[in-house]
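What follows is a single structure, written as structure tokens, with notes after it.
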Amino acid sequence: MIIRTLTGDKPKIALPKGTIDTQMHMYLPGFPAVEPGPPLPEGLPGPAEYRQVMDWLGIDRVVITQGNAHQADNANLVACLEVMGEVARGVAVIGPDTAEAELQRLHAAGVRGARIMDLPGGAFGLDALEAVDAKAAAMGWVTAVQFDGAKLPQLEGRLRALKGRWILDHHAKFLSRPAGEADIAAIKRLIDRGNCWFKFAGCYESSKSGGPDYADVAAVAKAIAANAPERVIWGTNWPHNLARTTEDYPDDLALTEAVLGWMGDAASQQAILVDNPQALFGFPTA
């Protein structure tokens with residue numbers, strides 16, 4: 001049984017008014033897992049639990065990302081957006097064949113992004129990248145792209161050619177090897193094109209050095225934040241779906257405080273936590 005900590009001491013550095021968590025998952029009863037995705041997380045952590053986390057950490061708005069368990073069935077996501085109301089936007093799973101009527105339905109529900117997940121459990125991987133990018137761009141959405149960062153040298157050309165706005169997800173998620181200077185240079189080149197954002201989220205999923213400081217991921221994060229704070233966003237990755245025991249469950253307060261330290265000064269924190277995601281996901285000005 002996983003016991004999730006939902007409240008506690010406030011962060012030592014208060015998050016600015018209007019802070020947006022751009023990476024989390026949320027679940028409601030009545031929406032079963034879809035094959036071949038992974039099982040639903042234990043306890044179905046949903047809106048009530050997440051509102052406690054918002055109050056604890058100082059989060060005002062949220063982007064709910066479609067979880068792998070539901071594959072391309074966005075019904076749970078739409079239901080969660082309805083429950084959360086105006087403080088929420090969504091990132092859905094769409095594919096090359098998703099109909100225009102479905103895209104419009106998702107947009108009306110608050111969806112403002114699509115997801116490419118080229119890792120085990122993902123519904124659509126890099127094979128669908130260009131098609132999903134085109135559909136998302138036509139809707140004015142952003143595409144969140146997640147893959148093993150070790151593939152970045154081979155993928156840079158394809159990523160440079162994307163027409164729409166897109167997010168390099170989860171710190172570029174270097175799983176099979178650490179990030180090197182050439183990788184950081186490639187990320188900077190992609191970001192400097194103007195249609196790519198870099199997401200701070202889930203550092204513990206790819207760090208080889210581990211907590212509490214996640215030095216390897218922190219080095220990449222600090223370099224990108226120093227280079228282009230206007231192209232960085234942040235997410236809690238709540239409820240940490242890869243955790244299987246209470247002992248494995250990340251400390252949300254410690255993670256938040258660590259990542260705040262990677263962002264730089266107060267102006268950069270304002271950009272990363274409020275201004276950038278506000279524009280990217282179509283929230284009203286805080």
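Backbone phi angles across the stretch 194-199, fed through the Karplus curve with coefficients 6.51, -1.76 and 1.60 (θ = phi - 60°), yield HN-Hα couplings of x, 10, 10, 10, 10, 9 Hz in residue order; Gly and Pro are listed as x.
From the alpha carbon centroid of the stretch 1-55 to that of the stretch 223-280 is 15 Å. Radius of gyration (Cα atoms) of the chain, expressed as a multiple of 2.2 N^0.38 Å: 0.92.
Where does each of T285, T143 land when they are ranked from fewest to most other beta-carbon atoms within 10 angstrom?
T285, T143
Pairs of lysines in the chain whose Cα atoms sit within less than 14 Å of one another amount to 7, provided the residues are eight or more positions apart or on different chains. The trypsin sites (Lys or Arg not before Pro) of the stretch 139-194 that meet both conditions, a loop assignment by DSSP and at most 15 other Cβ atoms within 10 Å of the site Cβ, are K163, R193.
Each of T256, T22 was scored by other Cβ atoms within 10 Å of its Cβ. Arranged with the fewest first, they read T256, T22. For the stretch 114-121, putting each phi into the Karplus relation 6.51 cos²θ - 1.76 cosθ + 1.60 with θ = phi - 60° gives couplings of 10, 10, 10, 10, 8, 9, x, x Hz, in residue order, rounded to whole numbers and with x for Gly and Pro. The 3J(HN,Hα) values that the Karplus relation (6.51, -1.76, 1.60; θ = phi - 60°) gives for the stretch 10-24 are, in residue order, 6, x, 5, 9, 5, 5, x, 4, x, 3, 10, 8, 9, 8, 7 Hz. Gly and Pro appear as x.
Amide H contacts under 5 Å for G90: I64, V111, R112, G113, restricted to partners 5 or more places along the chain or on a different chain, H placed in the peptide plane at 1.01 Å from N.
No lab work stands behind these numbers, since they all come straight from the coordinates. Computed from a prediction, not measured in an experiment: that's the story for all the values here. Because the Cβ atoms are built from the backbone with ideal geometry, glycine has one as well, and the counts that use them run over all protein chains shown.
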